[in-house]
Each structure stands twice: as C-alpha cells, then as structure tokens.
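Below is one structure, written out as structure tokens, with a few remarks after it.
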Amino acid sequence: MYSHVVNSFPCILQRKIIFVAEEHVPYIGSELPRQGYVHQLVSEAFERVGYQLDVTYYPAARARMLASVGKVDGILPVYYSDNLLDTFLFSNPFPGDVIGLLKKKQNPANIVIQANKTLFENLQELSQYQFSLVRGSSAEQLLEQAHFLNKQYALNDLLNIDKLYASRMDFAVIDKLTAGDLIVSKRPHMIGQLEFIYPPLAAQQFHVAFNKNKPDALERVDLFNQGLSSLKADGRLDQILAYHGFYDTENGPINDTQKTNLVIGSVNNSDMLILQKLSAEFELLNPTIQLEWKVLEESTLRQRLLSDLAISAGQFDVMTIGSYEAPIWAENGWIIPVESLFNEYDTDDILANVKASVSIGDTLYALPFYAESSVMYYRSDLFKRAGIKMPDLPTYKQILEFAEKVHAPEEGIFGICLRGKGGWGANMTLITTMVNSYGGQWVDMQWRPQLTTKAWHDAITMYVKLVTQFGPPNSAENNYLENLTLFSQGKCGMWIDATAAASYLVNPLNSKISQQVKMTNAPIGQYKKGSQWLWTWSFAIPESSKHKDAALKFAAWATSKEYLKLVADRYGWLSIPSGTRKSIYQNTEYLAAAPFAPLVIDTINSIDPSNFTLKPIPYVGVQFIPIDEFSSIGDQVGHFIEQAIRKKITVDTALQQSQNLVEKQMRISGYYKGR
C-alpha cells in the first residue's frame, strides 16, 4: 500500500465541495476501486487544501446541466473547450485519456501514424476508410474539423467496438484503456482480436470545471491547483496513477537503442517485492537488459494485463499470471510455450500439481514462481483463553462458534478475518471453496449455472454471518494484503487464506503474534472435496512481446534454484517463494526454519483439480472455471456478494442476481441454449 502525505496548507479544514460526474470507466466510476483514479486524485487534491469532495454520478447531459445552472459547484473530469468558458473556470490539467485508432487484427490496412506530421496530415492519408466514434465524446471533439473523413456515430463505446468487430467500420476512434477494459468486462470473446495502433492520435488532458458564478469560484480553482501541484511535487500523483494501473505508456512500448527494456507486470505481494529488490543482480549478470517494473494490486494487475491483451497493445514483456490464466491464455495463443531453458533449470524438480497448472499436456507455458493452497490460521493464545481447541479438520459451523468466543472488538480483536472485497481473485477465491465443501458447484454437466441451489445459499449465508458478525469494520474493502496486516498485528482470532502467508506470520520481524500463530486445514461445510484452493503465480511471456528471448532469460532466473538460494542468503529461508520445487521440501535448512512446511506440501500434493466437487462438472479447476468469461463473471458475482456483506442487498437477492448474470453470459457465449 502507499503512504498518505500530510496536508501542509493553512486553511479551513474539511469544508464540503459538491461536484457531479459522468461515469468514465476506467478513469472514474462508482464501482471502481476508490471510485477511480480521477476521483481519488481530485479528492486528495481538495483534502490538502481543506475541502471534502462529494461526487454524484449522472448521465453526461444531466451532469453538464446541473453544473451549468449552478446546482453544484462543478463537474469532473472535463476536456478544455473554449465553448465552456462563459460558464466554467478550468483547473490546471492532469493526465487524461489516450485517443487512437482501433482495428480488427485481420484488417490488412497498414496504418502508420507519423510523429513528424500533424494530426490532420496523418488523417488526410486515411480518408478512404470508415471511422466510428461516439457522439459527444472526446474523440468527436478531436476530429471535429476533420470534415474529409467518413465518420459514422455510435451511441456509446461498447456499440462502437461492436460495429468494428462486425466489420461495419474500418477503425474505431476510442480511448485505449476504455477499449481494453470494455472488451475484458463486456466482450471477453473479443480479447486478442483487435489491435490499438501506435502511436495514438492524441493524449488528452483532464480538468476540473468550476461554475464561475459560484461564490469563491476563483479562490477554489486556485486552491485546487495548489493541491494538485502538491500532489505532483511530492510524487503522490504518480503513486495514485500506479495504484490504478496507469503509466506513461501512451506511445507504446519503450525501445531503448542501447539496452533491451524489459517491462514486467507483477503483483504487489511480499515475494514479488523481494524479487524486485534482488533484480539488480539479474541486471548485473545481463548488462544489456534493463528491467522496468509495474507492480500492482492483484485485481488491478489482472485488469491491466487483460486490457493490454484485449487490444494487442504489447505493453508487457513478462506477465505475472496464475493457474486460471495460464491454460486459457495458452490455448488462445496469447502467451508462448516455454522452451530452451538452461540445463540446470530442472523442470522435473517442479511439483507435479504445480507444473500441470501452467501446462497444456507436456508443454509448459509459464514458469512457477510460487504456489499456494489455503489453510486456517489461528491464534493459540486466544483459543486457550476461550477454553477451546481447534480440530485438525474444522467445520464452518465450528468456526462460527469459535469466532464468537474469541471476538473481542473492545480490545481491537475480531473473531475472524476473511476476504470481503468483490472479485473472482478476491472474495470468490474463498467463497468458491466454501461452496465446493457445501456440495455445490458453479455449473452442472450441461454448463447450466447452479447459483441458487441450497449449497450456494448455505455457503453464502455462513460467509455473510462470519464477516458481518465477527469480522473487522470495513471487511468489504479487505483482500489478502489487508487481512495479512490485520492478522500479523494481532487484530484477528482466525484467518482463512493462502499458505504463502505462513512464512510472514511466523517471522517476528513482521508479526507481533509470531509465537502464537498456529495452522490447520481449511474448514469444510459438509465435505472435504474442494475445500482448499490451488494457485500458482508464474511468469509468462506474451506473444505480443518484442523481447521474448530476454523475457525468458529473466523468467528462468527468477524461478530457478539459484534464485531461491540468493533469497535465503540475503533474507533467510523464511523469505523464499515456496510451494514450487520438491528440493526445497528436502532441504534441512528450510525445514528447520519453516515448521509449517510439511502441512503446506501435504496440502498442495493432496489437491485434485479434476475431482473437487460432490457432483460431476465439465471442467478442471478448484476455485475457478477455466473459460475466458470467468474473470468477468467471477468479478460481478463477487461484487453482488460484497453488496450482501455491506447489507445493501440480501443473500437471496445476491444469488438471484448472480444466477441471472451467469445464465445470460453462458447463453451469449454459446455454452448452452438456456430455458
């Protein structure tokens, strides 16, 4: 996570300022993390000068009307326009969207946007093509004077993409990230079929627009600009951009003529952060390669990687992916086979389950960095105080009873911490294993969704009870890292999560309760089948990378036996990325340092991803369905259940909405015809 810089401006604290906005995903939106980059940036800029931002979302026309007539203080974000100067004062600019041309890969048109020509000079050479854009969008504003172009209009960007995919247009004029994110969330079958052309037509700037007739409008603009300048000066703006997965790459992949610039997309967990620190050793061994790291929260990483693949952007050379993505992306041709490894790499040393999770047949498509299953962590001191004993294989009914007995919020101790943040790789990772153990599954053998069955209802009801009655405040915002922090600080009596956390929790340098941490098998509902997940974080090389040989060299180094020894020498055996290699679990030094190792290896080896539900299913994968659509389906179902723990909807409503959503998507994708 990132630090917050303390406001140093002398002003009246926390006066409210009210704005309206149109949802502009992925930059701003009510369902985005922290309501998106723009909302977080503007909110923090105002906080630094003593204002509290209040934003309400409306359709574009209504938002503009409310701001124009003075019902609110202003509107955000907007593009600068002389036509608005009679009504609004504009703030200083901050990074906005990137408008360019999107085409079908199979379109033979060889378009070159030349940097030494003006926008109109480049466009005049394209007058024979048909262009689609959204009326009222920044793209229309950009091309307003290009009367020589054959322009057609769509109601929104999704329809814009649909027209392009249906070959009704040659090019869609659209923001790069909007295109990628819409394809991922709404049209996953299009991933990899479209291509964004570099360089883009224009990098647009955003502004905040203040109604100039409001009292103190000039003062507020000036104060906001001060706050914005402060965010830029101390690096906070860059931190906010990075948190949301935005980087200064609008001109495409960097091509350094002196060195190969290798761009690595990575998740922000402790093992990856150690790798980033030690990667200077790789650069010393390979002086012609320089590494550029993009380290993101797990959900944001997935979105940015998929968005990149969706429009064939080629922004990454090494992608950190999991067991879900590896076989799907390999089948789709998005990542390349791992071949020509050095002899000492020893792929036979990789655990069989782990290797299989990133392979198709005998062909590896990613190199495992670490692997994990799920376990129950608990504090032995709290259990002793409560006079209870944790069984080797607890049930969720017992966990509910235990949570109540160790729950002591007046002492800052909560009965249990669970992932609450909505997302297939967040709350749904745990929830799916719960559903498995209650005898449920996502779909039946005919691919018909099963989310309104008794098993789902029992599992989600138990989950909601645990989180809402005995979890910490704001559980709906917590994922792995937040709960790791809470548990290591002694704030949780129990925690069900990844085995990868064990080495962190037993290390007194990290954990206040290192001597009290105990582990046992993850709980079950009624059956042990599928009650523990299997996950592998691995390095894959996208087909779109321009530096495949250098990427393989890095991936092999980072997952080698030699790298594990390097970590152990620098940080100790407890800090190595575990769960991948047999030889580690035969290493006496590691076993002496890691008393939890036998439970971890036994758990990983015991999981059968082809037999983990009570009733038969048509796929392999414990906590996910290995189909393109699952990331979108899982995220949306996760958000419905998040709304249930926020008490905005009931469990029954969450499950019915989830069933309707999954049924619709499975029919659209052709898995079954439906009723």
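In region 184-199, is there at least one residue being in the same structural domain as residue 130 (by TED's automatic domain parsing), among the acidic types (Asp, Glu), touching a strand residue (DSSP E or B) at 6+ places or on another chain (Cβ under 7 Å) and under 23 Å from residue 142 (Cα atoms)?
At the first step, the residues of region 184-199 found to be in the same structural domain as residue 130 (by TED's automatic domain parsing) are 184-199.
Imposing the further condition that a residue be among the acidic types (Asp, Glu) reduces the set to 195.
When the remaining residues are screened for being touching a strand residue (DSSP E or B) at 6+ places or on another chain (Cβ under 7 Å), the result is 195.
Checking the rest, the ones that are also under 23 Å from residue 142 (Cα atoms) come to 195.
Yes, the conditions are met somewhere in region 184-199.
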What's the number of the only condition in (1) buried (at least 21 other Cβ atoms within 10 Å of the Cβ); (2) touching a Ser or Thr at 6+ places or on another chain (Cβ under 9 Å) that residue 311 fails to meet? (2)
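Give the residue, chosen from 531, 606, 538, 575, that is on the phi < 0 side of the Ramachandran plot and surrounded by fewer than 19 Cβ atoms within 10 Å (Cβ to Cβ). If you could, list the steps in order and put the result at the bottom.
On the way: 531 fails: surrounded by fewer than 19 Cβ atoms within 10 Å (Cβ to Cβ); 538 fails: surrounded by fewer than 19 Cβ atoms within 10 Å (Cβ to Cβ); 575 fails: surrounded by fewer than 19 Cβ atoms within 10 Å (Cβ to Cβ).
After ruling out the rest, the residue left standing is 606.
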Residue 550: modelled with pLDDT of 95 or more and either of a type outside the set (A, V, I, L, M, F, W, C) or on the phi < 0 side of the Ramachandran plot (or both), yes or no? yes
The residue that is nearest to residue 454 (Cα to Cα), considering only those in region 644-675 that are surrounded by fewer than 17 Cβ atoms within 10 Å (Cβ to Cβ) and of a type in the set (S, T, N, Q), is 656
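Residue-by-condition table, conditions (1) in the same structural domain as residue 414 (by TED's automatic domain parsing); (2) farther than 24 Å from residue 582 by Cβ:
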{"residue": "320", "(1), (2)": "no, no"}
{"residue": "323", "(1), (2)": "no, no"}
{"residue": "334", "(1), (2)": "no, yes"}
{"residue": "338", "(1), (2)": "no, no"}
{"residue": "343", "(1), (2)": "no, no"}
{"residue": "355", "(1), (2)": "no, no"}
{"residue": "360", "(1), (2)": "no, no"}
{"residue": "378", "(1), (2)": "yes, yes"}
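Yes/no per residue for (1) at pLDDT below 90; (2) closer than 27 Å to residue 479 by Cβ:
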residue	(1), (2)
253	yes, no
267	no, yes
272	no, yes
279	no, yes
288	no, no
Among residues of region 541-552 being among the aliphatic types (A, V, I, L, M) and surrounded by fewer than 23 Cβ atoms within 10 Å (Cβ to Cβ), the residue farthest from residue 357 (Cα to Cα) is 550
Do you know which of the residues in region 67-89 that are surrounded by 19 or more Cβ atoms within 10 Å (Cβ to Cβ) and hydrophobic (A, V, I, L, M, F, W, C) is nearest to residue 211 (Cα to Cα)? 88
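With the condition being closer than 25 Å to residue 305 by Cβ and modelled with pLDDT of 95 or more, I'd like the strands (runs of 3 or more DSSP E) fully within region 315-428 carrying at least 3 qualifying residues. Write out each step before concluding.
On the way: elements: 318-321, 367-372, 374-379.
In region 315-428, the matching strands (runs of 3 or more DSSP E) lie at 318-321, 367-372.
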Within region 205-246, track down each residue that is of a type in the set (A, V, I, L, M, F, W, C) and under 28 Å from the mean Cα position of the chain (by Cα). 206, 208, 228, 231, 233, 237, 240, 241, 242, 246
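Collect the residues in region 443-466 that are of a type outside the set (D, E, K, R) and not in a loop (DSSP other than H, G, I, E, B), keeping them in residue-number order. I'd like the intermediate steps shown before the answer.
At the first step, the residues of region 443-466 found to be of a type outside the set (D, E, K, R) are 443, 445-447, 449-453, 455-457, 459-464, 466.
Listed by number, the residues that qualify are 443, 449, 455, 456, 457, 459, 460, 461, 462, 463, 464, 466.
So that you can scan it fast, the table gives a plain yes or no per residue for (1) closer than 28 Å to residue 200 by Cβ; (2) modelled with pLDDT under 95; (3) under 26 Å from the mean Cα position of the chain (by Cα); (4) not basic (Lys, Arg):
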| residue | (1), (2), (3), (4) |
| --- | --- |
| 17 | no, no, no, yes |
| 41 | yes, no, yes, yes |
| 45 | yes, no, yes, yes |
| 53 | no, no, yes, yes |
| 64 | yes, yes, no, no |
| 84 | yes, yes, no, yes |
| 88 | yes, no, no, yes |
| 91 | yes, no, no, yes |
| 102 | yes, no, yes, yes |
Subset of region 126-160 (residues that are hydrophobic (A, V, I, L, M, F, W, C) and either farther than 21 Å from residue 307 by Cα or in contact with a strand residue (DSSP E or B) (Cβ under 6 Å, 6 or more places away or on another chain) (or both)): 126, 131, 133, 134, 139, 142, 143, 146, 148, 149, 154, 155
Quick one: how many residues across region 500-526 are modelled with pLDDT of 95 or more and among the hydroxyl-bearing types (Ser, Thr, Tyr)? 3
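In the list 232, 259, which residue meets the criterion of being of a type in the set (Lys, Arg) and modelled with pLDDT of 95 or more? If you could, list the steps in order and put the result at the bottom.
On the way: 259 fails: modelled with pLDDT of 95 or more.
Going through 232, 259 in turn, the sole match is 232.
The values are calculated or read from the model by the stated rules, or taken from the named source; none is laboratory data. Computed from a predicted structure; not experimentally measured. Note: ideal-geometry Cβ built from the backbone for every residue, glycine included; neighbour counts use all protein chains shown.
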